[in-house]
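Student: Can you keep this structure in mind? I'll have questions shortly.
The values are calculated or read from the model by the stated rules, or taken from the named source; none is laboratory data. All figures in this text were calculated on a predicted structure; none of them were measured in a lab. Glycine also receives a Cβ, built like all others from the backbone with ideal geometry; neighbour counts cover every protein chain displayed.
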Amino acid sequence: MNYVYCTDLKNYQVLGTFLELLYYLKVTKNEDPIPMVIVGTRDADKIPALKKILSNKLDIENGIYKVNNDITINDSIEKKSESLTQKITNIKELQLLEYNNINIGPGIASSLISKHRCTEPDLKKLSQELNSYTQQSILFLESFQTAALDHIHISDTIYIYNGRHYNTYPQSLFCEQLGCNILYYERMNSGKNLTIQKPRIHDFLLRSKIANDFWINATDKSKIDTGHSFFQKQEKNTFSKNNDDELLVNKPYIVYFPSSEDEYASLDERISLSTLFKSQRDAVQWLAAWASSQEAYQLVIRLHPNQKEICQKDYSFWHNKLNGKNVTIIPSHSNISSYKVALKAKKVVSFLSTMGVEATYMGIPSITVGNPIYKGFDAVYEPQSPEQLHILLEDEISPKEKENTLPFGYYNFKYGQPCSFYKELSLKNFEDYGQLFVVRK
């Protein structure tokens, strides 16, 4: 049996991807997926409408539907949460939190970090919110465990959306304990494609193999043109429009493009984001220290525009604490074009940013210090030690072959199944899933 787990009927990304997956399994693959919908009281009133859609549009009559307050649980849930969290003072301690031998901490931490756009939120100030997330994590986990033990067998498959949040990460660990097959689903290409995969969504090294195999096995005669079109579209994205200011530096420079931290700050401990550094912050601090003793190059750090919205503590680290000898910070609110900065750079360095592979496409020598999806394509330089990185930074190196970037572009545009169920529901685009259960007067 195929069980498709969903925890949110309000977030259009979660709801839309869930419905697209059911459509794909039922209509395209001619299977009989079983919706496994476990939601909080906020979404309880949406379940009848969801059932009606699944019945009328997909002929899906069977399903598991639970509201967290429906499960049998004693009145001590608040006391349980307080006893678990009362001694937790930071994110690292939270990530170790367990409940009934399931590590619920990383999912709670990930959700808190994403909500507040802060990699190290003040958990003392957020104690009530921490307790609330912990209570909900326990409720979702117990609801899921009850349903799974009643229905799911080792031969079954469970589909889990994304898999890093408070209401999905513990469930993935419990499924591992059960021994059933786990597949993760997400949307790609701005909601145009549905991806289903065995590795966790944020395990980019394993996804790199998927991307490379997808390119090798593709018989699409236009795959080269499609690969090119990805990069051509990237250069015209919203972050590059109307960015006409010029970067003023007094010598040749190497530019570093960081990635957004909040999405990757709390993941399964088995996922490695870098073979060189413990974190992106360690990487950029290493680069700043290297730059301080440099004569030939200046280090430019181009902060991503979405870092304008991060918490003050993180904002201060990226905008203020990295300032030093031979280091220039381009702030997140700057109108300087990232593409113009890359084109004039001697080299580009990145952690997970797509600018790493885009630089190669533009003909710029590019080095990655992380484990991005495009690692292993021979599209960027991949130092295996700080010593190798030091050499690559200081020696003359040529850009990698432009053609080596095309598998990444093709993967981003074409991998997965096209999303189309929204059209069957008379919605104009994927984003309109957010309006699916809105009652119009």
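Student: Looking for something outside any strand (DSSP E or B), in contact (Cβ under 8 Å) with a residue 40 or more places away in the chain and of a type in the set (Lys, Arg) - is there at least one such residue anywhere in the range 12-30?
Tutor: No: zero hits.
Student: Could I ask something else about it? Please give the number of the condition Ser83 fails out of (1) of a type in the set (Gly, Ala, Ser); (2) surrounded by fewer than 21 Cβ atoms within 10 Å (Cβ to Cβ); (3) within 22 Å of Asp268 (Cα to Cα).
Tutor: Single failed check for Ser83: (3).
To keep it simple, each residue is scored yes or no on (1) assigned by TED's automatic domain parsing to the domain that holds Asn11; (2) assigned to a loop (DSSP other than H, G, I, E, B); (3) closer than 26 Å to Tyr410 by Cβ.
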site	(1), (2), (3)
His165	yes, yes, no
Pro199	no, yes, yes
Leu205	no, no, yes
Lys209	no, no, yes
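Student: Filter the range 308-343 for residues that are in a helix (DSSP H, G or I) and of a type in the set (Lys, Arg) and give the result.
Tutor: Within the range 308-343, Lys308, Lys313, Lys321, Lys340 meet the criteria.
Student: Just give me the residues in the range 118-131 being in a helix (DSSP H, G or I), in contact with a helix residue (DSSP H, G or I) (Cβ under 8 Å, 6 or more places away or on another chain) and free of Cβ contacts under 8 Å to residues at least 40 places away in the same chain, in sequence order.
Tutor: Glu129
Student: Just checking, which of Ser332, Ser385, Ser338 is touching a Ser or Thr at 6+ places or on another chain (Cβ under 8 Å) and of a type in the set (S, T, N, Q)?
Tutor: Only one candidate qualifies: Ser338.
Student: Next question, about the same structure. Please verify whether Asp43 is out of contact with any helix residue (DSSP H, G or I) (no Cβ under 7 Å at 6 or more places or on another chain), closer than 30 Å to Phe421 by Cβ, loosely packed, with under 12 Cβ neighbours inside 10 Å and charged (D, E, K, R), treating the condition exactly as stated.
Tutor: no
Student: Condition (residue is at pLDDT 95 or above and either touching a Pro at 6+ places or on another chain (Cβ under 8 Å) or at positive phi (or both)) applied to the range 281-297: is it met by at least one residue?
Tutor: The answer is yes, given that some residue of the range 281-297 is at pLDDT 95 or above and either touching a Pro at 6+ places or on another chain (Cβ under 8 Å) or at positive phi (or both).
Student: While we're here: Inspect all residues belonging to the range 89-100 and state whether any of them is touching a Gly at 6+ places or on another chain (Cβ under 8 Å), assigned by TED's automatic domain parsing to the domain that holds Thr168, outside any strand (DSSP E or B) and among the polar types (S, T, N, Q).
Tutor: Taking every residue of the range 89-100 in turn, at least one turns out to be touching a Gly at 6+ places or on another chain (Cβ under 8 Å), assigned by TED's automatic domain parsing to the domain that holds Thr168, outside any strand (DSSP E or B) and among the polar types (S, T, N, Q).
Student: Exactly one of these conditions fails for Lys221: (1) of a type outside the set (S, T, N, Q); (2) under 30 Å from Leu139 (Cα atoms); (3) assigned to a loop (DSSP other than H, G, I, E, B); (4) free of Cβ contacts under 8 Å to residues at least 12 places away in the same chain. Give me its number.
Tutor: (2)
Student: Let me ask you something else. Go through (1) surrounded by fewer than 18 Cβ atoms within 10 Å (Cβ to Cβ); (2) at pLDDT 95 or above; (3) acidic (Asp, Glu) for Glu358 and report which single condition fails.
Tutor: Answer for Glu358: the failing condition is (1).
Student: Related question: Among the residues in the range 145-157, are any touching a residue at least 24 places away in the same chain (Cβ under 8 Å), closer than 28 Å to Ala265 by Cβ, of a type in the set (Val, Ile, Thr) and assigned by TED's automatic domain parsing to the domain that holds Leu94?
Tutor: no
Student: Go through the range 191-204 residue by residue and tally those that are aliphatic (A, V, I, L, M) and either in contact with a Cys (Cβ under 7 Å, 6 or more places away or on another chain) or surrounded by fewer than 18 Cβ atoms within 10 Å (Cβ to Cβ) (or both).
Tutor: Total meeting the criteria: 2.
Student: If you don't mind, another one. Residues in the range 96-115: is at least one within 18 Å of the chain's Cα centre (by Cα) and among the β-branched types (Val, Ile, Thr)?
Tutor: Yes: one or more hits.
Student: Here's another thing I want to ask about it. When the residues of the range 380-414 are filtered to those that are of a type in the set (A, V, I, L, M, F, W, C) and farther than 19 Å from Ile210 by Cα, which remaining residue is surrounded by the fewest Cβ atoms within 10 Å (Cβ to Cβ)?
Tutor: The qualifying residue surrounded by the fewest Cβ atoms within 10 Å (Cβ to Cβ) is Ile391.
Student: Right, next: Could you list all residues from the range 169-190 that are farther than 18 Å from Pro33 by Cα, more than 14 Å from the chain's Cα centre (by Cα) and either of a type outside the set (D, E, K, R) or crowded, with 22+ Cβ neighbours inside 10 Å (or both)?
Tutor: If we filter the range 169-190 for residues that are farther than 18 Å from Pro33 by Cα, which is where we start, we get 169-174, 176-179, 187-190.
Still in the running and more than 14 Å from the chain's Cα centre (by Cα): 170-174, 176-179.
If the condition is that a residue be farther than 18 Å from Pro33 by Cα, more than 14 Å from the chain's Cα centre (by Cα) and either of a type outside the set (D, E, K, R) or crowded, with 22+ Cβ neighbours inside 10 Å (or both), then Pro170, Gln171, Ser172, Leu173, Phe174, Gln177, Leu178, Gly179 are the ones that fit.
Student: Further, regarding this structure: Can you confirm whether Leu406 is farther than 30 Å from Arg42 by Cα, in the same structural domain as Lys236 (by TED's automatic domain parsing) and in contact with a Pro (Cβ under 7 Å, 6 or more places away or on another chain)?
Tutor: No.
Student: If you don't mind, another one. Looking only at the range 266-301, which residues are in a helix (DSSP H, G or I) and either buried (at least 17 other Cβ atoms within 10 Å of the Cβ) or among the hydroxyl-bearing types (Ser, Thr, Tyr) (or both)?
Tutor: Pass one, the range 266-301, residues in a helix (DSSP H, G or I): 280-292.
If the condition is that a residue be in a helix (DSSP H, G or I) and either buried (at least 17 other Cβ atoms within 10 Å of the Cβ) or among the hydroxyl-bearing types (Ser, Thr, Tyr) (or both), then Gln280, Arg281, Ala283, Val284, Leu287, Ala288, Trp290, Ala291, Ser292 are the ones that fit.
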